[in-house]
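Just below is one structure, and these are the notes that go with it.
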Protein chains: 2
Amino acid sequence: MRRLIHQPLDPFCRKVRLALAEKKLAFELEVEKPWDRREEFLALNPAGTVPVLVEQDGAIFSGHRAITEYLDEFYRDPDGGLVLLPGNPIERAEARRIADWFDEKFAEEVTRTLVDEKILKRFLPRDLGGGPPDTETVRIGMHNVSYHLDYISFLVERRNWLAGEEMTLADLTAAAHLSAVDYLGNVPWSDFPQSKDWYARIKSRPSFRALLADNVPGMPAARHYANLDF
Amino acid sequence: MRRLIHQPLDPFCRKVRLALAEKKLAFELEVEKPWDRREEFLALNPAGTVPVLVEQDGAIFSGHRAITEYLDEFYRDPDGGLVLLPGNPIERAEARRIADWFDEKFAEEVTRTLVDEKILKRFLPRDLGGGPPDTETVRIGMHNVSYHLDYISFLVERRNWLAGEEMTLADLTAAAHLSAVDYLGNVPWSDFPQSKDWYARIKSRPSFRALLADNVPGMPAARHYANLDF
């Protein structure tokens, strides 16, 4: 069976889980704590990061970008599965630009300051930066998330999906990143009705169900996290 | 004429310059200081980052990954130009994994601590983090670079180029990142003969010449920077 080695609330892992599910590819999840730096894990991925995908034949793929590009190239015509990067090279560049917006800018400005601060720091040993969340850092993250919701609204006012008329990797990536913040209940959806409508469309897809069932021990999801009518 | 908006020592811009030159695509360079956050520039790329590629027909591409993937898809068969991601989907995944190693891990562990500390901070206003380099941060960067040279040596002991038997985007990416550190004279080449041999092969390519001619006012390149016999 295909295996995805992951961390449940890691947005990069969530993106790959969505991509696999949209491609209708079956897989088992295996949780890894990258900060433990286990030798067996480093042998799979010397960068020491999740996600890592292990195919049925044993082939190993590391890094969320290399994995999603591989999935889209290798499983180009699965029965009814989503093409992650459809269209011509110019349309694909737009989808990749927006995916990177979330993988880099949102990750730095929101995930690091909110999700890492509130969740990751609970699990990290103190010498690796663990400890209680820093209130000022969390406040900055809460402020930054609105800026990104504003950008999503700007895009979906002009297009059906973030990168154009079809759903792409850009939507899965943005939704994966937002979903981790939404688990914490820190997305001010009511202030951004267009972003909320876009997220509701993705959230109701079958590929999203497994993400909505995630549960971090000792830190239950926000009340509306799994609710399709949020 | 095709335009690349860039910063001379930015490794992500250097990667795109190498990719364009390897594709034998003519382009003009235009320097932008992203930290000025000029409105005209933000209209081209709302993320506010370089590189930005403006094609002859006015089409705009932002983000080094979106640009290199676009170039490789759109200019797949230019006369004698390099295919950046050759091979099958599995081989391409390996090239993308290694490119991301340098774009993320090296950028965080070396570029941020050495290049940004020694060069970028000279140009940034003080309220954006400008100032003299922090000695301890630079020391960490100097330490980290050896770890990455060791990984390059590990790879080229087993393969002709970083991702396999052919030169790929992985090599251009790694060389682009190393070249900025080399400008500072902070790459301990003599300790890593295999890495040095690999870098010498890339450094002698015509695509590299423009990078070797770069000059930061007030901060001349290290003595051996432009020397092919370094």
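The values are calculated or read from the model by the stated rules, or taken from the named source; none is laboratory data. If you're wondering where the values come from, they're calculated on a predicted model, not measured in any experiment. Reconstructed Cβ throughout: ideal geometry from the backbone, glycine too, with neighbour counts over all protein chains shown. We work out accessible area using only protein heavy atoms, side chains counted, and drop any ligands, DNA or RNA first. Shrake-Rupley method; radii C 1.70, N 1.55, O 1.52, S 1.80 Å.
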Taking a label point 7 Å out from Cα toward Cβ, give me the nm distances from A:GLU108 to the same spot in the other copies, shortest first, one decimal. 1.3
XL table A:LYS33/A:LYS105; A:LYS33/B:LYS196; A:LYS105/B:LYS15; Cα-Cα > 28 Å flagged, in table order, is A:LYS33/B:LYS196
Of B:MET1, B:MET167, which has the most accessible area and how do the rest follow, probe 1.4 Å? B:MET1, B:MET167
Accessible area of A:ASP103 in the full protein assembly, 1.4 Å probe (Å², nearest 10): 10 Å²
DSSP beta bridges in the range A:1-111 [antiparallel fraction, %, rounded to 5]: 60 percent
Taking every residue of A:93-105, the Cβ atoms of other protein chains inside 10 Å of its Cβ average out to 6
Starting from a label point 7 Å past Cα on the Cβ side, list the distances from B:GLY87 to the same position in the other copies, nm, shortest first. 3.0
Taking θ = phi - 60°, what integer Hz values does the Karplus form 6.51 cos²θ - 1.76 cosθ + 1.60 yield along the range A:174-186, in sequence order, with x for Gly and Pro? 4, 5, 4, 5, 5, 4, 5, 6, 5, 4, 7, x, 9
Prolate/oblate/rounded call for the protein assembly as shown, Cα gyration tensor, a/c under 1.5 rounded: rounded
Residue by residue through the range A:85-94, the couplings from Karplus 6.51 cos²θ - 1.76 cosθ + 1.60 with θ = phi - 60°, in Hz, x for Gly and Pro, are 10, x, x, 8, x, 6, 5, 5, 4, 5
Whole Å is fine, so just give me how far the alpha carbon centre of the range B:1-54 lies from that of the range A:142-188. 26 Å
Helix-derived [θ] at 222 nm for the protein assembly as shown: sum -39500 (n - 2.57) over DSSP H runs of at least 4, divide by residue count, nearest 500? -13000 deg cm²/dmol
Compute the Cα gyration tensor for chain A, then decide on rounded, prolate or oblate, letting a ≥ b ≥ c be the square roots of its eigenvalues: rounded whenever a/c is under 1.5, prolate when a/b is larger than b/c in the other cases, and oblate in all that remain. oblate
With at most 16 other Cβ atoms within 10 Å, longest stretch of chain B clear of loop trypsin sites (Lys or Arg not before Pro) (DSSP): B:77-158
When a/c is below 1.5 the answer is rounded, else prolate if a/b is larger than b/c, else oblate, so apply that to the range B:42-143 with a ≥ b ≥ c taken from the square roots of the Cα gyration tensor eigenvalues. oblate
In whole Hz, with x marking every Gly and Pro, tabulate ³J(HN,Hα) for the range A:155-164 from phi via Karplus 6.51 cos²θ - 1.76 cosθ + 1.60, θ = phi - 60°. 5, 7, 6, 9, 9, 5, 10, 4, 9, x
Using DSSP, restrict attention to beta bridges with both residues in the protein assembly as shown and report what percent are antiparallel, rounded to the nearest 5. 65 percent
In whole percent, what relative contact order does chain B give with Cα contacts below 8 Å and a gap of six or more residues? 21 percent
Measuring label to label, 7 Å along Cα→Cβ, what does A:ARG37 give against each other copy in nm, shortest first? 3.6
Compare A:ASP57, A:ASP150 by solvent-accessible area with a 1.4 Å probe and give them largest first, with all protein chains kept in place. A:ASP57, A:ASP150
